[in-house]
Structures are given as C-alpha cells and as structure tokens.
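> A single structure is presented below for examination.
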Amino acid sequence: MNSLAQPMKWEKYFWPIFAALLFLALWHLSVKWSATKIFPSPLDVERGTAELISKGLLLRYVGDSLRRVASGFLIGAALGIPLGLLLGWYPEAAFVVNPTIQMLRPISPIAWIPVSIVWFGVGDLAAIYLIFLASFFPIVVASMNAVRNVPSMYRRAGRNFGLSPAKLIAKVVFPASLPQIIVGLRIALGIAWLVVVAAEMTAIDSGVGYLVIDSRNSGKRYDLVVAAMILIGVIGLALDTIFRRIEKLKSVRWGFRHES
Amino acid sequence: MIFTRDGDQVRVLDNVSLDVGEGEFVCLLGPSGCGKSTLLNVIAGFISPTQGQVRIGGEAVRGPDPRRIFVFQERGVFPWLTVEGNIGFGLSKLPKTERAHRIAHYIKLVGLLGFEKAYPQELSGGMKQRLEVARALAVNPDMLFLDEPFGALDSITRLIMRGELLRIWEAERKTIIFVTHDIEEAIQLADRVVVMSSRPAKIQGIVNIDIDHPRDISSRRYLELRDGIFEQIGLAHKV
C-alpha cells in the first residue's frame, strides 16, 4: 500500500482499535509483571467502573461536571464573544483594555480557587466561576483577533452595499470571523474541561474531579481513580468531537484548512 | 472629474482629470503599482483625495454608495454565503418575492443556474468572479468599478469572461470603469482606454477604440490601436 492509496474501510477502524488494545495489553502485563498492589489492571478498572455505575454515582457525577462546564462555558461565550468583537472592531478600546486582559489571561484558573471559594463558598457557583474564567479569556482573545483578521475587502464590500456599522458587524464581520471564533471556543472548552476536574478536586464535593480525589482519600481505591481518569478522557474527546462537527458546517468550513 | 492625491509623502496621482460619460466602458491602463487602483478607489469613495474631488452626476462623492459597486478580484465574494445569499446580499430591503425574482434573474444572467445553493469554495475562479459581478448588478447600480477582476484567472477563462462581461454590459448598459495592466484586455473591452504613466500617475493619453463589438482581434485597426498604445507606453512591440 502506498501513501496515496485510500485506506480500506476496515483499516480506518482496525488500526486505531488495534493500537488501543495493544496499549491495554501492555498496561495489563506491566501490572502483572511488576506485581504492584496499588496500581490497578485494566480488568480491575472495568470492575470499578461497573461498581460506580451500579451505585448510580457515575451518571450523577458526570451530569454534575457537565452542567458546571456548560454553565461556565456558556456565560464565558455569551460575554466573551461580544466583548471580543467590540475590541476587535474598535482598536482604541483594545488599546485601553488589552494590557489588563493580557495580564489576567496567563493566571491559571486554578490559582483563582481560593478567591472563588471566598466569594462563592464551596459549591457549584465557585466551580462555575472558575470555568467561566477558564473559557472567557481564550474566547475574548480569539474573537478579537478574528475580527482583526477579517480581510478589509469584505468590510469594504459591506460598506459598498450601504450597511450601517451595526449591520456591518452582524452581516459581515461576525460571519467572517466565525471560523476563528469557533477555534477559540473549542480551545476554551478543552481548557474548561481541564479546569472543572481541578476545581472539583478542591472546591466541591461532587463531579468527576471529586470522584478522583475521593476515591483516593477514602480507602485508596486506585481502580476507581483510574476509572474516573478514563472517563474524563472519554468525555473530553466527546466534547472535542462536537466542535469538529461544527467546523464541518458549510457556512464556516471555508475558514478551515481541511479542503476537499 | 478632477482629483489629485498625495498620501504618505508619496505622490500617487498627479493632476489627473477625466470625464466619463453615462453608459460608457472606460479602461484605466497602466503598469502595476502606477496608482490606477488608487484612482479607482478614490472614484469609488473608499479613499478621499488630498486635493481635488470626484463628482458623479453633479454630486461630490463622499464615500462608498450602493449606486456604485466595486468589484474586487473573485476574492470579494462572501465565503459564508451561498450563491443565492451572495447575490441577495444587497437586497435585504426588498420584499421577499421581488428579492427572489432578482436573484433568479442574475443567476441566469451570469450562467450560474444549478449552483444556487453552492458555496463559493465549491466554485471555480471564473464562477466566483461571475458571482461577484452578479452580486454587484443585483442592486441595480448606475456604475461598476472593476479592479483587475480577471487578474487571477487563467488566460482561457479570462478571454471567456471578457466576452461575458461585454454581453452583460450590452444587456444592462452600466457605466463601467475597469482597471487593468493588460493592453489587449483594454482594447478588447473599452470604448476608451486611459493610458496612465508610472507613479505619480498622470494621464498619458486617451485612446478611442473605434471598433464595433464583437471585435476582430486580428483586424488591421485593432493592431494599429494596439501598436499605438504600445508606443505611448514606450514599449517596442517585440519580445
């Protein structure tokens, strides 16, 4: 098979599954050969997962985490996209506000945990606030840069057809920047998912992050720890897949490199 | 129309004065970077002149206007809209049926039937260019400004597009100002060719193309006119 040939249909699924199984086998054998008493084998993890499902914890925790991510992320997008569009459209405003944003942006949301607990107490609100912070800055910056990168030709064409500034933003600038905004949203959601786990390990007592830390603290159940870790990975992948789907929509697809 | 411009200490246009009649097809011809695009942008109202002014129908130009549409190279079509969406872009104030009617009319005029729901990325360069012309015509402007519209197309498509543009011009009789650096293109299309010198651009001469359409591009008169323009630019017509 040369590199130009289309992979066969079965090959598209076979090789990735093969690699995953190989990984599981290596994991299993490493646990067996090292005779570790602490680290679980894939089978232990599978039993642990089944236990979590039967207790009804799994669905509840996943639901809690997703709800927090959704709330924080949506608030971040609802405030971040308009602010980013505005800052991109009015360079004078960006000149004034941008240094502050760029200074706040590199502060890890994790570092905000103590402050958010003081403000919101241990609970949902503190976690949602952290997710909001985690998604807000990447969204603002992506939207701002997206507007700046809109080719001047589109803006001029819009003006030529007699659009008012408000219409110009709605009908030209926003759709022209949408692909880059979607990239920003996708990055933000990835970060939000990282942060929710960290937040739940400290600031709250439910959710997948809490499952990780609680399984360790109450009885060193490393099978449950690893089960929770895998769950986090799978959900993260699923969230990313949603955005990959959105990127394929025809009205934004032009902005992405995957031609043909 | 009189306009003079110096921007950023660079004198781009110097003492340019030109009258264009209604329904006329005028080509601005000059070497790349001579300032002919700048002149077109000034006429369209995207750039305001440092000195002088542009008057259209007795009215001074203060900015871009839907009565005068600028056509960029095919890259000016909106990639997030379908063919229909692009053509209908300037028609949002029209009632729905009238809008649909206009869209259908111009899709047919520029030969994009069957591509109504297609996105620009699915079209060829020539089709995108026709789409942009259709979007411009749909708002029923008095004038069209075309800035090297066929520059990015291959030579065969370019030739076909010239024919299409003339066909559309004869059907709609808009005033067209067309910027090009291609001598043959100018002579094939224009009623008058405005030959411009290098920066700062001045009008070196205006050549009347007194051949009827369709033009025979190997006729004596055509070759005479072409050689005349070659001489004006200071090029020997030998390679």
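The values are calculated or read from the model by the stated rules, or taken from the named source; none is laboratory data. Keep in mind that this is a model prediction, so the values were computed, not measured. In this analysis, Cβ positions are derived from the backbone assuming ideal geometry, glycine residues included, and neighbour counts consider all displayed protein chains.
> Only helices (runs of 4 or more DSSP H) wholly contained in the range A:64-175 count here; list those with 2 or more residues that are surrounded by fewer than 21 Cβ atoms within 10 Å (Cβ to Cβ) and within 14 Å of chain B (Cβ to nearest Cβ).
Counting at least 2 such residues, we get A:152-160, A:165-168.
> I've got another one for you. Give the residue, chosen from B:199, B:221, that is at pLDDT below 90 and basic (Lys, Arg).
On inspection, the qualifying residue turns out to be B:199.
> If you check residue B:167 against the conditions, is it out of contact with any Ser or Thr (no Cβ under 8 Å at 6 or more places or on another chain) and surrounded by fewer than 20 Cβ atoms within 10 Å (Cβ to Cβ)?
So residue B:167 fits the description; yes.
A quick yes/no check of all residues on (1) within 30 Å of residue B:107 (Cβ to Cβ); (2) in contact (Cβ under 8 Å) with a residue 12 or more places away in the chain:
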| position | (1), (2) |
| --- | --- |
| B:165 | yes, yes |
| B:170 | yes, yes |
| B:176 | yes, yes |
| B:179 | yes, yes |
| B:190 | yes, yes |
| B:203 | no, yes |
| B:207 | no, yes |
| B:231 | no, no |
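> Follow-up. Step by step: first the residues of the range B:42-64, then only those that are crowded, with 19+ Cβ neighbours inside 10 Å and without any contact (Cβ under 8 Å) to a residue 24 or more places away in the chain, then the one that is farthest from the chain's Cα centre (by Cα). Which residue is that?
Checking each candidate, the answer is B:61.
> Here is a follow-up. Filter the range A:9-63 down to the residues that are within 16 Å of residue A:208 (Cα to Cα) and under 24 Å from the mean Cα position of the chain (by Cα), then identify the one that is surrounded by the fewest Cβ atoms within 10 Å (Cβ to Cβ).
Top of the filtered list is A:59.
> Let me ask something else about it. Look at residue B:138 and say whether it is small (Gly, Ala, Ser), surrounded by 18 or more Cβ atoms within 10 Å (Cβ to Cβ), at pLDDT 90 or above and under 30 Å from residue B:92 (Cα atoms).
For residue B:138, the condition - small (Gly, Ala, Ser), surrounded by 18 or more Cβ atoms within 10 Å (Cβ to Cβ), at pLDDT 90 or above and under 30 Å from residue B:92 (Cα atoms) - is met.
> Looking at the range B:111-133, which of its residues are within 14 Å of chain A (Cβ to nearest Cβ), among the hydrophobic types (A, V, I, L, M, F, W, C) and outside any loop (DSSP other than H, G, I, E, B)?
B:131, B:133 - these are the residues of the range B:111-133 that are within 14 Å of chain A (Cβ to nearest Cβ), among the hydrophobic types (A, V, I, L, M, F, W, C) and outside any loop (DSSP other than H, G, I, E, B).
> So which of B:132, B:148, B:164 ends up being among the acidic types (Asp, Glu) and closer than 17 Å to residue B:29 by Cα?
Criteria check complete, one pass: B:148.
> Moving on. Which residue is farthest from the chain's Cα centre (by Cα), if the candidates are limited to the range B:192-210 and must be of a type outside the set (Gly, Ala, Ser) and surrounded by fewer than 16 Cβ atoms within 10 Å (Cβ to Cβ)?
Applying the filter and picking the extreme gives B:210.
> Looking only at the range A:205-260, which residues are basic (Lys, Arg) and either away from chain B (no Cβ under 14 Å) or in contact with a helix residue (DSSP H, G or I) (Cβ under 6 Å, 6 or more places away or on another chain) (or both)?
A:216, A:220, A:221, A:244, A:245 - these are the residues of the range A:205-260 that are basic (Lys, Arg) and either away from chain B (no Cβ under 14 Å) or in contact with a helix residue (DSSP H, G or I) (Cβ under 6 Å, 6 or more places away or on another chain) (or both).
> If I go through the range B:164-217 residue by residue, how many of them are more than 24 Å from residue B:132 (Cα to Cα) and of a type in the set (Asp, Glu)?
Matching residues across the range B:164-217 total 3.
> In the range B:65-110, how many residues are assigned to a loop (DSSP other than H, G, I, E, B), under 18 Å from the mean Cα position of the chain (by Cα), surrounded by fewer than 21 Cβ atoms within 10 Å (Cβ to Cβ) and more than 8 Å from chain A (Cβ to nearest Cβ)?
2
> What strands (runs of 3 or more DSSP E) completely inside the range B:149-239 contain at least 1 residues that are of a type in the set (D, E, K, R)?
By residue number, B:192-196.
> What number of residues within the range B:66-114 satisfy the criterion of being of a type in the set (Ser, Thr, Tyr) and touching a residue at least 12 places away in the same chain (Cβ under 8 Å)?
Residues flagged as of a type in the set (Ser, Thr, Tyr) and touching a residue at least 12 places away in the same chain (Cβ under 8 Å) within the range B:66-114 amount to 2.
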